[in-house]
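Heads up: the structure comes next, in C-alpha cells.
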Amino acid sequence: MTVRAAEVDDARELSRLALDAQEGERGAVDQLMERVRLISHRYCRARLATYAGGLHAADDVAQEACIAVLKALPRYRDRGRPFEAFVYGITARKVADVQRSIVRGDRPTDDLPDDVDDAPTPEEHALNAADLRQAMMLLDELPEKLREVVVLRVAAGMTAEETGRSLGMTAGAVRVAQHRAITRLRQLAASMRGGDRA
C-alpha cells in the first residue's frame, strides 16, 4: 500500500469514526476524540508557538477545540470533505481567539526573581513582536485557502499529502498553492520594504 493510499484510508477511517460517534456507537467517541486531540494539538502548537506562553496555551486551546468538536458533532454532515477539515475549521477559530487575546491582553507576572534573567530584553521582545505582527499582516493578505496551506505546510510541518487531506485538496494542488502563496508573500514583503523607504 502506498503512502497516499494509507493517508486516504486514514482520512476515511476518521470520517467513519465521526459518523459512528454520531450514531452513539460504543467506544467511537473516545477513539474519535483521541484522534481529534492529536490533530488539534499539532495545529495549535504550530499557530501559537511564536507567542509568549503560546506553547502552554496550545494545550488548553486543543482541549477547547476537542470540546467544541464534540459539541458540534451532532450537527456534522459528511459533504465529501474530510472530517479533518471540520476539525481544523473549529480549531482555527479557537486559535484566532487566543491569538487576539494574547496580543491585546496584559499578562500577570510571577513574583520578582532573585537571580539574573537571561530571557530576551523588552527591546528584543518588541522587535520579535513587530516581526510577528508583520508576518501575520502578510499572511492576512493571502486568501484563506493559501494562508491555511502555508500554516499547515510551514508552521505545522505537515506533508503535502496531510495538508491536502485536511483541506480537501490533492497533494499536487497543495504544492501549487504553497508556491503561489510564497511568491505572493515575497511580493508583499518587497512592496512593504519599498513603502518603508519612501
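Among residues of the range 60-84 that are β-branched (Val, Ile, Thr), those with a Cβ under 7 angstrom from a residue that is open to solvent by 10 Å² or more (accessible area, probe 1.4 Å), sequence gap 6+ or separate chain, pair up as VAL61/LYS94; VAL61/VAL98; VAL69/ILE90. Can you find, within the range 121-136, the residue that is modelled with the lowest pLDDT among those that are of a type outside the set (A, V, I, L, M, F, W, C) and surrounded by 11 or more Cβ atoms within 10 Å (Cβ to Cβ)? Out of the qualifying residues, it is HIS125. Taking the range 57-104 as the range and being more than 24 Å from ASP10 (Cα to Cα) and touching a Leu at 6+ places or on another chain (Cβ under 6 Å) as the test, the residues that pass are ALA57, ALA58.
So that you can scan it fast, the table gives a plain yes or no per residue for (1) in a loop (DSSP other than H, G, I, E, B); (2) at pLDDT 90 or above; (3) over 25 Å from ASP78 (Cβ atoms); (4) under 17 Å from the mean Cα position of the chain (by Cα):
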residue	(1), (2), (3), (4)
LYS145	no, no, no, yes
VAL151	no, no, no, yes
GLN178	no, yes, yes, yes
ILE182	no, yes, yes, no
LEU188	no, no, yes, no
GLY195	no, no, yes, no
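Which of the residues spanning the range 174-198 are aliphatic (A, V, I, L, M), under 26 Å from HIS41 (Cα atoms) and open to solvent by 40 Å² or more (accessible area, probe 1.4 Å)?
Kept after step one, since they are aliphatic (A, V, I, L, M), are these residues of the range 174-198: 174, 176-177, 181-182, 185, 188-190, 192, 198.
Imposing the further condition that a residue be under 26 Å from HIS41 (Cα atoms) reduces the set to 174, 177, 181-182.
Once the filter is applied, which keeps residues that are aliphatic (A, V, I, L, M), under 26 Å from HIS41 (Cα atoms) and open to solvent by 40 Å² or more (accessible area, probe 1.4 Å), the range 174-198 yields only ILE182.
Among the residues in the range 19-28, are any part of a helix (DSSP H, G or I), under 20 Å from MET158 (Cα atoms), hydrophobic (A, V, I, L, M, F, W, C) and modelled with pLDDT of 85 or more? No: zero hits. Could you go through the range 151-162 and let me know if any residue there is over 24 Å from ALA58 (Cβ atoms) and surrounded by 18 or more Cβ atoms within 10 Å (Cβ to Cβ). No, every residue in the range 151-162 fails to be over 24 Å from ALA58 (Cβ atoms) and surrounded by 18 or more Cβ atoms within 10 Å (Cβ to Cβ). Just one of the numbered conditions (1) over 17 Å from the mean Cα position of the chain (by Cα); (2) at pLDDT 90 or above; (3) of a type in the set (Ser, Thr, Tyr) is not true of SER40: (1).
Taken over the range 9-51, the criterion of being small (Gly, Ala, Ser) and surrounded by 16 or more Cβ atoms within 10 Å (Cβ to Cβ) is satisfied by ALA11, SER15, ALA18, ALA21, ALA28, SER40, ALA46.
The values are calculated or read from the model by the stated rules, or taken from the named source; none is laboratory data. Treat the numbers as computed from the prediction; the structure is a model and nothing was measured. All Cβ positions, glycine included, derive from the backbone under ideal geometry; neighbour counts span all protein chains shown. We work out accessible area using only protein heavy atoms, side chains counted, and drop any ligands, DNA or RNA first. Shrake-Rupley method; radii C 1.70, N 1.55, O 1.52, S 1.80 Å.
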